[in-house]
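Down below is the structure, laid out as structure tokens.
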Amino acid sequence: MTADVAERPEDALAEPVPCSRCSNTALLTIVGRCADCISDMGRNHPEEREAWRREVTAAIESRAE
Ligand SMILES: [Zn+2]
């Protein structure tokens with residue numbers, strides 16, 4: 001018998017991260033912004049959202065290489 005149950009890899013996948021914009025802890029962030037901030041930027045801060053979208057594109061491109 002082994003002690004495999006002691007390993008919990010799912011914890012590593014669902015690690016809460018603080019949002020870089022509002023400092024709330026979120027399970028899902030995209031380039032540092034939580035879902036609340038992304039929807040807020042989309043409604044109220046189009047210029048900030050554009051800057052964030054460029055960061056998203058840069059992050060995806062750097063991962064692809
Ligand atoms: Zn946020």
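The values are calculated or read from the model by the stated rules, or taken from the named source; none is laboratory data. Computed from a prediction, not measured in an experiment: that's the story for all the values here. Cβ atoms come from the backbone with ideal geometry, glycine included; neighbour counts cover every protein chain shown.
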Practice problem: Report, ordered by the first and then the second residue, all pairs with beta carbons closer than 8 Å, sequence separation of six or more or different chains, a first member in region 17-30 that is farther than 16 Å from Glu55 by Cβ, and a second member that is assigned to a loop (DSSP other than H, G, I, E, B) and among the polar types (S, T, N, Q). | Solution: Pro18/Asn24
Self-check item: region 29-43 - residue that is part of a helix (DSSP H, G or I) and either at pLDDT below 95 or within 13 Å of the ligand (Cβ to nearest atom) (or both) and, of those, nearest to the chain's Cα centre (by Cα)
Solution: Ala35
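From the list Val31, Val56, exactly one residue is surrounded by 13 or more Cβ atoms within 10 Å (Cβ to Cβ) and touching a Phe, Trp or Tyr at 6+ places or on another chain (Cβ under 8 Å). Which is it?
The match here is Val31.
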